[in-house]
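*Asks:* Pasting a structure here, questions to come.
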Amino acid sequence: MKILVLKSESGKITSEKIVDGNLGDVVRATATEALKEWNDLTSDFIIMKDSQEARVPLPLKPSFYEEVKNLLAAKEKSVAILKIPIYIVSYDNIWQEEDFQDRKVYVITYYINDEIKKDINAYAADVTSENKKETSSDESDEESEEE
């Protein structure tokens, strides 16, 4: 199956490739590559597994079904829901007080299609973004008080 390998640095995708292979083997090879870039004096080295849901329209072509059948999590009226495993290889990160900040990571997952790839790209960029998707309730409270 095709595997998507992204490199994310400071909130931006700096490298993207699609390779054929086994997901576990690609994670191991990517981790080996990341180890060469890792500074053991300044950063932790972590491999984490996450997952993301993706929706693909039904009906599925038989060849596509064979590729994704192990990822199928549910089915609704007109869509199949896939649970896609995502591996994050973090090799440049810092602790700021109690917050952990990834600066450089590799994100490895199955390549399903270009639409899902866009979502994974956004996810990978967000992992290393200093301004993660968080909304501050204090700001909205202040705006309400001013009115």
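The values are calculated or read from the model by the stated rules, or taken from the named source; none is laboratory data. This is a predicted model, so every value here is computed, not measured. Reconstructed Cβ throughout: ideal geometry from the backbone, glycine too, with neighbour counts over all protein chains shown. Side chains are part of the model used for accessible areas, which takes the heavy atoms of the whole protein and leaves out ligands, DNA and RNA. Shrake-Rupley method; radii C 1.70, N 1.55, O 1.52, S 1.80 Å.
*Asks:* Of the residues Thr42, Thr30, Thr14, which single one is open to solvent by less than 30 Å² (accessible area, probe 1.4 Å), on the phi < 0 side of the Ramachandran plot and of a type in the set (Val, Ile, Thr)?
*Replies:* Details: Thr42 fails: open to solvent by less than 30 Å² (accessible area, probe 1.4 Å); Thr14 fails: open to solvent by less than 30 Å² (accessible area, probe 1.4 Å).
Of the residues listed, the single one that is open to solvent by less than 30 Å² (accessible area, probe 1.4 Å), on the phi < 0 side of the Ramachandran plot and of a type in the set (Val, Ile, Thr) is Thr30.
*Asks:* Tell me, please, whether a residue that is open to solvent by 100 Å² or more (accessible area, probe 1.4 Å), in a helix (DSSP H, G or I) and either at pLDDT 95 or above or over 26 Å from Lys17 (Cβ atoms) (or both) can be found in the range 72-86.
*Replies:* No, the conditions are met nowhere in the range 72-86.
*Asks:* More than 18 Å from the chain's Cα centre (by Cα), of a type in the set (A, V, I, L, M), outside any strand (DSSP E or B) and surrounded by 11 or more Cβ atoms within 10 Å (Cβ to Cβ): is that true of Leu35 in this structure?
*Replies:* yes
*Asks:* So, one more: Could you list, in sequence order, all residues of the range 87-119 that are charged (D, E, K, R) and either assigned to a strand (DSSP E or B) or within 13 Å of the chain's Cα centre (by Cα) (or both)?
*Replies:* Asp92, Asp99, Asp102, Arg103, Lys104, Lys117, Lys118, Asp119
*Asks:* Starting from the range 80-105, keep only residues that are touching a residue at least 60 places away in the same chain (Cβ under 8 Å) and within 17 Å of Thr32 (Cα to Cα), then list their pairs with residues that are exposed (fewer than 14 other Cβ atoms within 10 Å of the Cβ) and among the basic types (Lys, Arg) whose Cβ atoms are within a distance under 8 Å, requiring at least 6 positions of separation or different chains.
*Replies:* Partner pairs satisfying both residue conditions: Tyr87/Lys49.
*Asks:* Collect the residues in the range 51-67 that are of a type in the set (Ser, Thr, Tyr) and part of a strand (DSSP E or B), keeping them in residue-number order.
*Replies:* Result: Ser51, single match.
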